[in-house]
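In what follows, a single structure is set out as structure tokens and then discussed.
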Amino acid sequence: MKNFNFKRKKEVLLNEKIQIKKRTFIIMTLSFLILNFFIASFLNVQWMKKEIKSNYFFTADFQDGVSRNEKGRTEIEVLKLDGVKKVRYVSKEEAFQKLQHELDISIPRSENPLSDSMIIYFQNPKDLEEIQKNVENFQTIKESFSDGTYISYKEKEYDFYSVLGWIIFLFGIVLMMIIIYFSYYTSITIDYINNVEIIKNDNANRKRAKKINILPTIASNIIGTLAFFSVYNYFRKNLILISSKYLILSAKEIIFMQLLILIVINIVLLLIPIRIKLIKEEES
């Protein structure tokens, strides 16, 4: 009878441990799924910051009567200035056509009051004054124009995305990594405790417990990542259909960095030493 009760108790404990292991695997899979979304959000925010920095610009008008060759030489010299990222030539016809489109009016070409110009892109708003001063020193340049309101708005937008990036990293990526680690630690601890009486060598038991949990950890990562990309593609497709103003990187654009970050996370996770301490009851 005692043997029967002992066997029954052992089966119940084994079933409980299996259920714990299953729940741990599910938690890790969901954690990897959510972690992928935070990583993708972080990559999108970094891309937005890069896009904002590439859109700082001002316009410089050429003097009347300047030849196309002189304009080309001026573009090359402007491009050499510190802080300048790129230069684009805009003919007065192109500028006039754009102006009519923005104002939604039709004006005869003969009444075009505009000049040929350059759009000069720069990276740091702090360099604007110096760049403008240097550009206006060229004899081929009549004057330059910068939209202070636009640049100020872009600076605030850049600061917003910088703060958002840190929030996603600290309260999303780091938090999910902690949850994944403790789920991984719990799974190893269960295997370790199950074999305390069987494997007397504590170090060997710890290594064995860690080793057999590597595959489930990688499996939960793969399942979570595959599920993420399916949901991400669906979400992106429908968001773009709602409005084209939503700019979200495609799966192809983030997959390399996404997988690289996940590989690094898994390597770190698997290399972290696991220390398990059991509190043994003293015999009375």
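So the values come out like this:
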item: Complete set of residues in the range 230-271 that are among the basic types (Lys, Arg) and touching a residue at least 12 places away in the same chain (Cβ under 8 Å); result: Arg236
item: Failed condition for Val45, given (1) at pLDDT 90 or above; (2) not assigned by TED's automatic domain parsing to the domain that holds Ser183; result: (2)
item: The range 193-249, residues that are basic (Lys, Arg) and closer than 19 Å to Ile272 by Cα; result: Arg206, Lys207, Arg208, Lys210, Lys211
item: Output for the range 180-203, where each listed residue is out of contact with any helix residue (DSSP H, G or I) (no Cβ under 8 Å at 6 or more places or on another chain), farther than 21 Å from Ile263 by Cα and crowded, with 16+ Cβ neighbours inside 10 Å; result: none
item: Breaking point among (1) surrounded by 13 or more Cβ atoms within 10 Å (Cβ to Cβ); (2) at pLDDT 90 or above; (3) polar (S, T, N, Q), for Asn137; result: (1)
item: Yes/no for Ile190 being at pLDDT below 85, touching a Ser or Thr at 6+ places or on another chain (Cβ under 8 Å) and assigned by TED's automatic domain parsing to the domain that holds Ile255; result: yes
item: Condition check for Glu94: among the acidic types (Asp, Glu), at pLDDT 90 or above and either out of contact with any Pro (no Cβ under 6 Å at 6 or more places or on another chain) or surrounded by 12 or more Cβ atoms within 10 Å (Cβ to Cβ) (or both); result: no
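Yes/no matrix, rows are residues, columns are (1) among the acidic types (Asp, Glu); (2) exposed (fewer than 13 other Cβ atoms within 10 Å of the Cβ); (3) modelled with pLDDT of 90 or more:
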{"residue": "Arg236", "(1), (2), (3)": "no, no, no"}
{"residue": "Tyr246", "(1), (2), (3)": "no, yes, no"}
{"residue": "Ile255", "(1), (2), (3)": "no, no, yes"}
{"residue": "Leu269", "(1), (2), (3)": "no, no, no"}
{"residue": "Pro273", "(1), (2), (3)": "no, yes, no"}
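The values are calculated or read from the model by the stated rules, or taken from the named source; none is laboratory data. Bear in mind the structure is a predicted one, so any value in this text is a computation, not a measurement. Here the Cβ is made from the backbone with ideal geometry for all residues, glycine too, and neighbour counts use every protein chain on show.
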